[in-house]
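Down below is the structure, laid out as structure tokens.
The values are calculated or read from the model by the stated rules, or taken from the named source; none is laboratory data. Keep in mind the model is a prediction, meaning the values are calculated, not measured. Using ideal geometry, Cβ is built from the backbone for each residue, glycine included, and neighbour counts are taken over all protein chains shown.
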Amino acid sequence: MQAASLYNDFSSLAGLRLEARRDADATLEAVASQFEALFLQSMLKSMREAVPQGGLFDSQRMQGYREMHDQQLALDMAQQGGVGLAESLVEQLRAAGRVGGADSASGSAQAGEGLNMPQWGSIAAPRLVRPAEWAPAGQSDFVRDLLPHAERAAERLGVPAGWLVAQAALETGWGQHTLKRGEASSFNVFNIKANAHWRGPVAEVTALEYVEGAPVLQRSRFRAYPSLAEAFDDYAALIAGSGRYQDALSRAPDGAGYVRGLQAAGYATDPAYADKIIALARGAGLDGAHVALNRSADRPLTSS
């Protein structure tokens, strides 16, 4: 879907909104570009207002033409790279908005990669990392770090551990976009929000939410944890202790049924949330009853 190329092309903007309802991933970059265009337009307007007015060519009609020129210039600048605002927005929203995308494990991107991918190595325990510095180097490290904690949570919930790893992979882009609390990782691999009852630390970010199927930016508070272990413990307690997720738990042995139950219960606002997890889990070989970490890094992951 192409963004509007003319500042007054309202039909293209309406089409962009419609496309966002069907496929938010495909329109995220276009929406970010439009936002940057508005920012640049505001900046140009402020610059114009800072210049002393008056003179031969400062008629009301000329000011109108100048304003139209600046609006078109702002849009052209944004579509040609702008000042980097759109790129930063896309990166941040994919990290915290459960939108997916190539960097955040969307169903379309990661399913394609997963057809050729899993090459997990085996270790007896998760890698040792300093508390504030969790940043897995790749998908293999991500799986190895999370799997022991996922297996413990899986015992409580009754869902295969690989599906919990897949859900966390979608939420964080395989650990590359975990929410930050200052300079430290929040370890919130499930992007659980901090409600009024939460008494622990929080990470405040601007996140992408879906309102009536359309993506909107909202400032939100998310829970923060000192470790991955506590993040998984809190996730398991949240799901097991909430009545709204009982249907999902009743379908837990079937991982796909479990994530569809989560979506139906409103765990995430993304209308394609379950489909993305399912595509990711199947593409990455995380959809079996058991995930086996092979001894050789040259051998693929196996599931059963």
When you look at Trp163, is it assigned to a helix (DSSP H, G or I) and either in contact with a Leu (Cβ under 9 Å, 6 or more places away or on another chain) or among the aromatic types (Phe, Trp, Tyr) (or both), yes or no? yes
Scanning region 215-241 for residues that are aliphatic (A, V, I, L, M) and free of Cβ contacts under 8 Å to residues at least 12 places away in the same chain, which turns out nearest to Ala153 (Cα to Cα)? Ala237
Give all pairs with beta carbons closer than 9 Å in which a residue from region 172-190 that is closer than 24 Å to Ala274 by Cα meets a residue that is among the β-branched types (Val, Ile, Thr) and surrounded by fewer than 22 Cβ atoms within 10 Å (Cβ to Cβ); count only pairs at least 6 apart in sequence or on separate chains. Leu179/Val205; Ser186/Val202
Pairs where the first residue, in region 258-277, is without any contact (Cβ under 8 Å) to a residue 40 or more places away in the chain and the second is acidic (Asp, Glu), C-beta under 6 Å, 6+ apart: Gly261/Asp247
Does Ala169 meet the test of being surrounded by 17 or more Cβ atoms within 10 Å (Cβ to Cβ), touching a Gly at 6+ places or on another chain (Cβ under 8 Å) and assigned to a helix (DSSP H, G or I)? yes
Every residue from region 175-188 that is under 11 Å from the mean Cα position of the chain (by Cα) and over 11 Å from Ala135 (Cβ atoms): Leu179
Is it the case that some residue within region 181-190 is at pLDDT below 90, closer than 26 Å to Phe142 by Cβ and either in contact with a helix residue (DSSP H, G or I) (Cβ under 7 Å, 6 or more places away or on another chain) or in a loop (DSSP other than H, G, I, E, B) (or both)? yes
Somewhere in region 239-250, is a residue assigned to a loop (DSSP other than H, G, I, E, B), under 20 Å from the mean Cα position of the chain (by Cα), in the same structural domain as Arg144 (by TED's automatic domain parsing) and not hydrophobic (A, V, I, L, M, F, W, C)? no
Pull up region 145-163, narrow it to residues that are within 22 Å of the chain's Cα centre (by Cα) and closer than 13 Å to Leu286 by Cβ, then point me to the one that is surrounded by the most Cβ atoms within 10 Å (Cβ to Cβ). Ala150
Against the definition (surrounded by 23 or more Cβ atoms within 10 Å (Cβ to Cβ) and under 21 Å from Ala272 (Cα atoms)), how does Gly213 come out, yes or no? no
Is one or more of the residues making up region 129-139 among the small types (Gly, Ala, Ser), buried (at least 16 other Cβ atoms within 10 Å of the Cβ) and either assigned by TED's automatic domain parsing to the domain that holds Tyr225 or not in a helix (DSSP H, G or I) (or both)? no
